[in-house]
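Next up is a structure, given as structure tokens.
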Amino acid sequence: MKEKLFIFLITLIILGAAASAEAVVSCEVEPNYVPITFFYNGTTIKLYGHADKNVQFVILIQDEAHKITLRRKGKVKGLFWMNVGEITYEPVPMVYMVFTPKPVSELVEASERAKYGIGYDSLAAKVRIEPDPGPERERWFREFIKFKEKGRLYREIIGSIKVESGDLTSGYSLQVNWPYQAPPGTYTVRVFAVQDGKVVDSCEKQIKVEKVGLLKTISDLAFEKAPLYGIIAIVIAVAAGIGVGVIFGGKGGAH
């Protein structure tokens, strides 16, 4: 009887420890579909959910990794700044946003950041830069980050996650100013529950961004039927020119 009681108590302890380690996190995204129209200028996306009260939240938004090519500028003959070549970065996402309550290096262990791709340093560790910049690698990666941040496509933002703690769980919410510069595509939202420097659970959702309506029709026409698109563009330009000429010509004749 004592042996059975001992086994029962050990089982309860193990189950309790497992439950506390899981720290199940939930997540929702509103809206999860963003249509791009002629008057589109970005939008606001809300993320929210909950987890155990003893965890902290890290939110990561990104698309699939790509090869990104940029033009490299330099001085020619010591006088003029001109394009002197190209530099490529691979694999890197077009959009990369990290939201944390404090600097990610203080919140998540380095091994966990590398494992889950959290933070700029995790991108730097994996990226290949061509042509090989040698000792200038770190500098050229920083320049890449500055370029993407200027276009509002890369961000590391501290303190924007709102947390409300209850007796057993903590709710979180985040308002994301989605930039109009973000291209059409499917973006992955990952919410990490972090405890003692380690990711104990995560939740994943997706955001789909696509062109719709007349904008989509024009875009498809440009890619799929380029000659026809060119003819239509010329006709529209000529018609617009004639219209402007008639308007200003008519006004000139009235004086």
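Every number here is computed from the coordinates shown, using simple stated rules; none is lab data. Remember, it's a predicted structure, so these values are computed and weren't measured experimentally. Don't worry about glycine lacking a Cβ; one is built from the backbone with ideal geometry, like all the others, and counts go over all protein chains shown.
So what's the range 21-210 giving for Cα Rg divided by 2.2 N^0.38 Å, two decimals? It would help to have the intermediate numbers written out before the result.
Working: Rg = 18.5 Å, N = 190, 2.2 N^0.38 = 16.2 Å.
Relative to the rule-of-thumb radius for its length, the range 21-210 sits at 1.15.
Once amide H atoms are built 1.01 Å from N in the peptide plane, which residues 5 or more positions from D52, or in another chain, come under 5 Å H to H?
Placed amide hydrogens put V24, S170 under 5 Å from D52.
Cα convex hull of the range 121-226: how many Å³ per residue? Don't jump to the answer; show the numbers that get you there.
Working: hull volume 19.7 nm³, N = 106.
Considering the Cα atoms of the range 121-226, their hull volume per residue is 186 Å³.
May I pose another question? Fully extended, how many nm does the chain gain between A114 and R128 (0.36 nm per residue separation, minus their Cα-Cα distance)?
Working: separation 14, 0.36 × 14 = 5.04 nm, distance 1.57 nm.
Extra length from A114 to R128 when fully extended: 3.5 nm.
Give me, ordered by chain and number, the residues 5 or more places off Y96 or on other chains with an amide H under 5 Å from its own placed amide H.
Here the answer is Y154, R155, since their amide H atoms fall under 5 Å of that of Y96.
Mind ordering 178-184, 60-66, 191-197 by average Cβ neighbours within 10 Å, highest first?
Details: 178-184: 15.1, 60-66: 18.0, 191-197: 20.3.
In descending order of packing, they fall as 191-197, 60-66, 178-184.
Here is a further query. Could you tell me the extents of the range 106-167's C-alpha atoms along the three principal axes, largest first, rounded to whole Å?
55, 28, 15
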